[in-house]
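> Attaching a single structure in structure tokens format; questions to follow.
The values are calculated or read from the model by the stated rules, or taken from the named source; none is laboratory data. All figures in this text were calculated on a predicted structure; none of them were measured in a lab. Don't worry about glycine lacking a Cβ; one is built from the backbone with ideal geometry, like all the others, and counts go over all protein chains shown. The area values use the complete protein model at the heavy-atom level, side chains included, leaving out ligands, DNA and RNA. Shrake-Rupley method; radii C 1.70, N 1.55, O 1.52, S 1.80 Å.
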Amino acid sequence: MAEARVFSDRTHPPNRSQAGIISKIRLENFMCHSNLEIEFGDWVNFITGQNGSGKSAILTALCVAFGSRARGTQRANTLKDFIKTGCSYAVVQAEIKNQGEDAFKPEIYGDIIIVDRRISESTSSIALKNSRGRRVASKKEDLREIIEHFNIDVENPCVIMSQDKSREFLHSGNAKDKFKFFFKATLLQQVDDLLKGIEKQLNDATALVNHLEETLRPILKELDELQEKIKSMEFVEEISHQLQLLKKKLAWSWVYEADRKLDVQQKNIEKLKGRVLTCQEKIDEQHLIIEKFSDQLAKKKTQIANIMERTSEARRMKEDLQQSLSMALKEKLELEGERERRTNDIQKMVQQVKVLEQQIHDFHEQHVRSTQVEENEMEERLRSLQVKLDEVNVNWERLKEEEDAIIQMLTMIENDVEKISNQIEDAERSHREVSSRICELQMHQTNKVTAFGGGRVSNLLQAVERHHQRFSNPPIGPIGVHVKLEHGDMWSIAIESAVGILLNAFIVTNHKDSRVLRACAREANYNHLQIIIYDFARPRMNIPRHMLPQTSHPTAFSIMHSVNPTVLNVLVDVGHCERQVLVKDYDTGKTVAFDQRISNLKEVYTSDGYKIFHCRFSRGSAQTILPPNKNIRAGRLCGSFDNQIKNLEKDALEAKEHILQGRGIKQSKETELGNLQDKLSSLKRRRINVERDYRSKEFELQDVKKLISSEETSAPSSTVDELHQEISKLQDRIREGEIFVEKLQMEVNEAAIKAKDFRISFENLCESAKSEIDALAETEKEVMTIETTLHEAEAKKKHFEQVMNTRVLSDLKNAEAKYRELEQNCKDDRNKASIICPESEIEALGGCKESNPEQLSAQVTRWSQKLQRESQRFSESIDDLRMLYEKKERRISRKQQTYKAFREKIEACDKALQLRWSKFERNATLLKRQLTWQFNGHLKKKGISGQIRVNYEEQTLSVEVKMPQDASTSSVRDTRGLSGGERSFSTLCFALALHEMTEAPFRAMDEFDVFMDAVSRKISLDAILDFALAQGSQWIFITPHDISMVKHDERIKKQQMAAPRG
């Protein structure tokens, strides 16, 4: 068994005691020690020894004694691993001073508290003894109470820094590891875990209270139903009384209705008598018109007969002269045509003669040219023609290029004109759409109902009004009429995108009303009407806050208001508007929909109409963004359409300006296009002329070439004599043709004179008969007008006579018969009503002259059914129901008060938690600053400066050190860039800064001076001793190095462990 040798450099240690410091520790069969007992001084203790002498086991034993787990010591996995080899148990006994004002239960434990930890192969036990060695407690809770009282946290590296923690801390350059060390050493980790645990418990408690409140909903609903039942039973007698009153009113309403019908029938008879007089007056009026125009027609026909006799002979002569004139003109034209043909034939024959004479001349010249000079002239002519032909060809190609360039420019301008035309068409289409929208808004401004379905809705509402008695409850709709929008200018487009399809819908209370409303829609020609069936009796929903999206942005439900609870319930149940969040812009919408993970969120709509949501699939979900609907009709829920109309009128004016501007540009382009077309036509004409010139010169060149070739060949087969004979024959035919043409010219002149005579005679005849013919035509026109007026008067007279006989007289007869029948019915109804009740009783109740019998009859039927239904529904007495209602109400009230108290306490705890979180953050910031100041203060002892940067968000801690020998201004941000001694010293300064920020009765450090050179170690020892003596806690330093350089002081106790045995 290795015994420890303990010595002190002072024979008289200072008489000082403090609650919580370690006075003695005893180890038995613990790790390498069989029996070891060490007494500690109240201030600074140095324990030295060779490697393997069991120095580190002392700190491990302290950790085990104060309840640390085996893994927390980083020396073993289980406590039984600490038992020395060959032994069956181990004992760790630590004595704690319990003196002074901070003593823990001194009346029980005395001046010393002994913590006895016994470890066996299977179990471990704890015994807490007083100063006399008597056991006081044996539970872990008692040990934890002592530890918390003295603030002993052996897992805190600032209380006990073991050998492994020292190596890990000195070698680590990871910023996150340093942060963990700082977070744990300053107890921020413990506070953070505690606050998070409390926050989780508060959330669980809130969820539990919400669940408990949800369980009350069925009971509240049952209570409401019971109250409705009581109210219904209270109204049974009132219903019976109302039914009797309605029956009395119904009886007298039939009497008053008969009186009204009698008055109406009397007025109808008087009206029909007036129609008889009116019809007779119109018949007499038309008869006078017929007599008047008949006399005028007879006179005009006599006048026409006289004129016809006078003009018949002139008309016959006119027709004969006109026929003769036509024949003469036809003959003249035929003769002129024949003359022209003969003249053309003569000209052709003259031309043939010239050609033949030219051939004869050519033949003579061909035989004359035989010298070399003539041949040279022909060749020179040939070259000259070829040069001219080349010049013409170059000119033609230049004109062709200019023509192609102009054609290309024309194509470009035509494309521009087409593009401008399309733009003008688009602007005109936009102008028409805006104008249509303005008319639509003006119609909406006059009648708001038309904004939710157009004119069809008005027709549908009229049909519903006509068939109102067929509905159980009047339909509600369109929904948009019953909804008002808050901040309509901002959210109108978003609301239209979210629930716009529901705004045109109608709500009915049952399926029967749905069929009736569908029939009314067909009658109003309103196809595809959306009808929602919903119970009108349901009260307005009260949506709990936890079921709404947890966001500061408004929902569609929060900005829509309605006085009708059924409309709001439909918007929630059908439209899910309470889960539709509205945002101002696209980026905010994406953040809310995809990044914040908001519960109860269905969709997000932006103010300009974007729809953002998660599209769910069988294998997951996808982020979906739908653009705004271009056909959406925004602003229907706005209170006024004036601003929209002004904006649209401004858009229409801008569109009209675009149209005028485009037309101006188009006109200028068309003018430019016309100029280019004229220029192109001019170029084409020039090119064609040049082309013709080219062809003529080319033919001339070919003729010259043929002439040269013909000279080289033999003479032609035809002779000059044959050509002379042919010329003679043609000259004979030309003379004969000229004689015939002269004859034809004479005949043409005679025909022209004849036609002229006929025309003069025809004009004279027409002039003489013109007055008679004009008078005849005017008279015939008057006769036609009179006949038309006469036929119209006869038709009107016949019509009025038919109306008189078939409609007016028969209607009058039927009306008089119906009047007599109604008069008899009125007497009978009055007698029956008098039997039921006197008329004075009805008048005393306010009368019923304005009531409709059909409506009263329907009300009597409904009240009778309601009375029967209500009477059959309730079998219990109303007193029993009231007692049951009061009993349930008291029970629910007690539960609600209890749950309300729970929620108030939870809210108070939540406020306290938030206050503690704010204090925690403030303290964390202060600790960060304090750590930097103290760290820099310790570094200055060696002439080093530095800084510590702590980032709580990223959980990193970086150490910056600037050495005195470094001439540059940059700092070393990673301590691994320093030498071993420098790194150990800076790390030690960091540890001392942490020690200065924490409180504990004792502190222990193992191998704190490793990797230091002599100078750094001397400075480190002086710094740590000064700090330990000034700080006031008990310090235990364990090192394998020589400590002779440590200064002597009565508060410093040095002990050396025995060397290990081989």
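> Below 27 Å, Cα to Cα, which lysines can LYS669 reach? Residues fewer than 8 away in the same chain don't count.
Within the straight-line limit of under 27 Å, LYS669 reaches these lysines: LYS400, LYS419, LYS656, LYS679, LYS684.
> Arrange the peptides 693-705, 989-1001 so that the one whose residues have, on average, the most other Cβ atoms within 10 Å appears first. Spell out each step's value before the answer.
Details: 693-705: 14.0, 989-1001: 21.2.
Averaged packing, sorted descending, gives the order 989-1001, 693-705.
> Sticking with this structure for a sec: Which percent of the accessible area of region 441-553 is formed by carbon and sulfur heavy atoms (probe 1.4 angstrom)?
Details: 3000 of 6000 Å².
The C+S portion of the solvent-accessible surface of region 441-553 is 50 percent.
> Counting only the heavy atoms of the protein chains, how much of MET560 is accessible to a 1.4 Å probe, in Å² to the nearest 10?
Rounded to the nearest 10, the figure is 10 Å².
> Going down the table (LYS332/LYS754; LYS24/LYS1053; LYS354/LYS388), which pairs top 18 Å between alpha carbons?
Numbers: LYS332/LYS754 9 Å; LYS24/LYS1053 13 Å; LYS354/LYS388 29 Å.
Too far apart for the 18 Å limit: LYS354/LYS388.
> Using 1/(1 + (r/R0)^6) with R0 = 45 angstrom and r between the beta carbons of GLN667 and LEU626, what's the FRET efficiency to the nearest 0.05? Each step should come with its number before you reach the end.
Details: r = 43 Å, r/R0 = 0.97.
After rounding to 0.05, the efficiency reads 0.55.
> Just tell me which lysines come within less than 16 Å, Cα to Cα, of LYS940; anything on the same chain fewer than 8 places away is out.
Partners found: LYS962, LYS1018.
> Can you work out the base-10 log of I(q)/I(0) for region 518-588 at q = 0.15, 0.25 1/Å, using the Debye formula on its C-alpha atoms alone?
At q = 0.15, 0.25 Å⁻¹ the computed log10 ratios are -0.66, -1.13.
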